[in-house]
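The values are calculated or read from the model by the stated rules, or taken from the named source; none is laboratory data. Note that the structure is a prediction, hence the values are computed from the model and not measured. Neighbour counts are summed over all protein chains in view; Cβ atoms, including those assigned to glycine, are modelled from backbone coordinates with ideal geometry.
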Amino acid sequence: MLRDSTLGSDVDLKEIKSIIDLMKKNSLSEFELEEKDFKIKLKRPIAGTLAALPAAAYSEDGEYANPAPAGRPAGSAPAPAAPAAPAVAEAEIKSPMIGTFYRTPSPDAAPYVDVGSEVGPDTVVCIIEAMKVMNEIKAEARGVITSVLLDNAKPVEFGQPLFKIRPL
């Protein structure tokens, strides 16, 4: 155990490392613990959140592939427009963790986003509470919200779609 003079308590680095491992294992972005005169708050980005982009953009190993459209080599001029343009596929914003879904920052506040809201990669779209920690979930893509797939205060699973988004 290490004695941290700024906190005035004993800190076990092995315990902190095990908390970090648990955060990674459970896809938690924040962890906070407070006991008597000791308080620790850990934050980390959730790596590998691929939820907002279409699955076709990823190779089998999960890496972003960004392939050239079929029938045209990468870097060539675009083909002339077809008479009827196909509809743009909707993407999904998926839950990066297990928890409770909240559309609002507090019970009496307006929702972060509604159907028709334009969002960017850093736009917070909801909160997922996991182990008493409120995790802000960002859109991670540019688009317009076309549907909200869950009701407020409902449980959510890892990878469960939360919103549908039409890319811009």
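Data overview
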| quantity | calculated |
| --- | --- |
| Test for Phe163: is it modelled with pLDDT of 95 or more, within 14 Å of the chain's Cα centre (by Cα) and of a type outside the set (Asp, Glu) | yes |
| Which listed residue, of Val148, Val88, Val115, is at pLDDT 55 or above and surrounded by 13 or more Cβ atoms within 10 Å (Cβ to Cβ) | Val148 |
| Verdict on Pro73 being out of contact with any helix residue (DSSP H, G or I) (no Cβ under 6 Å at 6 or more places or on another chain), modelled with pLDDT under 55 and over 26 Å from Ala141 (Cβ atoms) | yes |
| Candidate set: segment 112-154, residues that are charged (D, E, K, R) and in a loop (DSSP other than H, G, I, E, B); chosen: the one nearest to Leu33 (Cα to Cα) | Lys132 |
| Selected residue (only one of Phe158, Phe101 is at pLDDT 95 or above and out of contact with any helix residue (DSSP H, G or I) (no Cβ under 9 Å at 6 or more places or on another chain)) | Phe101 |
| Unmet requirement for Ala52, which otherwise passes all of (1) modelled with pLDDT under 75; (2) part of a strand (DSSP E or B) | (2) |
| Positions within segment 134-145 being within 12 Å of Leu28 (Cα to Cα) and surrounded by 19 or more Cβ atoms within 10 Å (Cβ to Cβ), in sequence order | Asn135, Ile137 |
